[in-house]
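These notes are about the structure you will find just below.
The values are calculated or read from the model by the stated rules, or taken from the named source; none is laboratory data. What you see is a predicted model; the values in this text were computed from it and never measured. Here the Cβ positions follow ideal geometry from the backbone for every residue, glycine too, while neighbour counts run over all protein chains shown. For the accessible areas, the whole protein counts, side chains as well, though only heavy atoms, and no ligand, DNA or RNA atoms are used. Shrake-Rupley method; radii C 1.70, N 1.55, O 1.52, S 1.80 Å.
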Amino acid sequence: LYRDAPLRRKSTCSRQLLWGDEQMIADVLISPSSSPCDPGSTSSYSRFFDVVIGCELMYYRTDIQSLVDTVLKLTGEGGMFVHGHLFRAPNQEQHLIQCLRVLGWDTMEVPVSEFIDAAELGHHIEWYRVRCLVSAPSAVVSRLLASHSSWFVFELSLIHISEPTRRS
């Protein structure tokens, strides 16, 4: 989604984007005006995105700072990051929240029960481990929390237990 109405498109495209890759970020931000997916076009414009969506971004070795920096470069200071995670490594939640707070962004959680049927949740309780998050500038998060009574400030609630050391 584009902040400026005249830049809105009726079509979409996708591209590979590696976190922290300055050239890839620049290529996404400065797209050909005739077709956002045609690298052969010569005229261009610069833009920020209103929303960046990410899913399954947290693995055991995730460069969270690079991820957050990339999101900020794509959205500018006023965007929103909608992201779903199954946190896999110790302290990932804390590191993510700290990196976002430095930007002046807060994070809220949307309960999985808002979009996964109760019967499905009953059969697959592992869905409760998934964290569906929305991060944005504090003022935006405050407005969203006020209008969605079931959403809440994301808390560092997951407890990670290390695997016991195996003896030979």
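For TRP19, neighbours were defined as the other residues whose beta-carbon sits under 9 Å from its Cβ, and their charges (Lys and Arg +1, Asp and Glu -1) total -3. Amide H contacts under 5 Å for GLY20: THR70, restricted to partners 5 or more places along the chain or on a different chain, H placed in the peptide plane at 1.01 Å from N.
Put GLU93, GLU77 in order of accessible area, highest first, and with a 1.4 Å probe you get GLU77, GLU93.
Taking region 69-98 and a reference point 7 angstrom along Cα→Cβ of LEU57, the backbone N atoms nearer than 12 Å belong to 69-75, 80-86, 96-97. Computed from backbone phi, the HN-Hα couplings of region 74-90 come to 7, 9, x, 7, x, x, 9, 10, 9, 8, x, 9, 10, 5, 10, 10, x Hz, rounded to whole numbers (Karplus: 6.51 cos²θ - 1.76 cosθ + 1.60, θ = phi - 60°; Gly and Pro given as x).
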